[in-house]
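Inspection log for the structure reproduced underneath, given as structure tokens.
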């Protein structure tokens with residue numbers, strides 16, 4: 001396949017070199033099972049690893065998917081020339097352990113690089129279409145650079161960073177007095193506070209399905225008349241969904257679970273914006289941990305009626321980077337949206353936002 005705009009050499013070489021190496025998946029949390037099932041078993045894109053290890057938790061199992069669990073100290077003693085490590089954990093969680101544990105001589109890759117590579121193999125033409133949908137050269141540069149960084153394992157990139165997600169930037173500047181904003185997920189309230197710092201006269205309707213953070217928000221804003229807090233998940237319909245509140249990580253990765261998942265904490269009620277919000281909406285900001293596409297589909301009536309500005313996180317899956325710009329572009333609006341992309345973090349694979357204006 002001719003990837004004319006992206007250099008795939010790094011991952012292609014890594015895959016080829018694994019044939020002659022001992023392969024270790026580093027990280028035995030929730031990511032490893034999905035990654036192993038999808039890319040090693042279902043699609044057979046990668047060889048099964050020889051071992052799985054973890055350095056941040058005790059793993060009670062001796063095997064995961066019949067793969068032996070290795071003690072971390074045993075990994076450190078392996079021959080670096082004949083071993084390849086794939087990190088199957090958070091973006092930067094384990095990188096900080098490379099130097100103190102003297103793992104810097106090992107070839108170490110992150111699972112997100114492989115996820116990006118394999119997705120593009122199947123969806124490269126859609127990637128090119130998404131690039132063409134963007135309205136300016138800066139957005140195209142940011143978007144393509146993110147993919148390039150993911151493919152090459154560059155998970156830290158200060159040069160793309162721009163401050164002020166959703167508003168207060170050069171795409172959405174000062175909020176006016178009549179703004180009615182939808183914020184989801186509201187998390188710890190930082191973006192609600194930012195919105196009122198931008199203009200204290202606006203109205204905010206916030207959604208936070210994580211029960212612990214909802215309690216915090218409800219208490220904090222109980223005397224603020226122009227804030228409403230809903231303990232609901234945004235979706236494309238009213239439903240009950242499996243939900244992992246991720247409170248062991250302060251709720252940073254709280255998310256709706258797959259219907260077949262057994263790794264969930266409770267059921268959460270979901271709603272769609274079209275059946276919930278009757279007022280005119282001027283801005284919808286979505287950071288809903290992978291539910292963005294469903295939430296957009298549940299707001300098509302509001303979007304058609306009010307044409308609000310949109311600020312939608314793309315980074316929760318590689319599929320979202322491609323599908324969300326296409327989904328917004330396909331809306332049958334009298335005045336089509338202009339699409340922009342900004343990177344609001346120095347970590348490549350988080351806080352990438354699509355703006356539709």
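The values are calculated or read from the model by the stated rules, or taken from the named source; none is laboratory data. Everything quoted here is computed from the prediction, not taken from an experiment. So basically every Cβ, Gly included, is an ideal-geometry build from the backbone, and we count neighbours across all protein chains shown.
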Any strands (runs of 3 or more DSSP E) falling wholly within the stretch 46-114 and containing at least 3 residues that are touching a residue at least 60 places away in the same chain (Cβ under 8 Å) and on the phi < 0 side of the Ramachandran plot: 83-87
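Can you tell me which residues in the stretch 272-298 are in a loop (DSSP other than H, G, I, E, B) and either more than 16 Å from residue 354 (Cα to Cα) or in contact (Cβ under 8 Å) with a residue 60 or more places away in the chain (or both)? Working first, answer last.
First, pick out the residues of the stretch 272-298 that are in a loop (DSSP other than H, G, I, E, B): 272, 276-282, 287-291, 298.
If the condition is that a residue be in a loop (DSSP other than H, G, I, E, B) and either more than 16 Å from residue 354 (Cα to Cα) or in contact (Cβ under 8 Å) with a residue 60 or more places away in the chain (or both), then 272, 276, 277, 278, 279, 280, 281, 282, 287, 288, 289, 298 are the ones that fit.
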Residues in the stretch 10-30 that are more than 15 Å from residue 116 (Cα to Cα), touching a strand residue (DSSP E or B) at 6+ places or on another chain (Cβ under 9 Å) and assigned to a helix (DSSP H, G or I): how many? 3
Would it be correct to say that residue 156 is at pLDDT 95 or above and within 24 Å of residue 31 (Cα to Cα)? no
Candidate set from the stretch 299-324 (those that are assigned to a loop (DSSP other than H, G, I, E, B) and over 9 Å from the mean Cα position of the chain (by Cα)); member that is nearest to residue 185 (Cα to Cα): 299
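Across the stretch 16-27, what is the total count of residues that are buried (at least 17 other Cβ atoms within 10 Å of the Cβ) and modelled with pLDDT of 95 or more? Give the steps one after another, and end with the answer.
Within the stretch 16-27, the subset buried (at least 17 other Cβ atoms within 10 Å of the Cβ) is 18, 21, 23-27.
Now narrow it down to the ones that are modelled with pLDDT of 95 or more: 21, 23-27.
Going through the stretch 16-27 one residue at a time, the tally reaches 6.
Taking into account only those residues within the stretch 60-70 that are surrounded by 14 or more Cβ atoms within 10 Å (Cβ to Cβ) and either more than 23 Å from residue 106 (Cα to Cα) or touching a helix residue (DSSP H, G or I) at 6+ places or on another chain (Cβ under 8 Å) (or both), which is modelled with the lowest pLDDT? Explain how you work it out, then say what you get.
So the first thing to find is which residues in the stretch 60-70 are surrounded by 14 or more Cβ atoms within 10 Å (Cβ to Cβ), and the list is 64-65, 67, 69-70.
Restricting the remaining residues to those that are either more than 23 Å from residue 106 (Cα to Cα) or touching a helix residue (DSSP H, G or I) at 6+ places or on another chain (Cβ under 8 Å) (or both) gives 64-65, 67.
On the way: 64: 96, 65: 93, 67: 97.
Step by step, filter the stretch 60-70, then rank; the result is 65.
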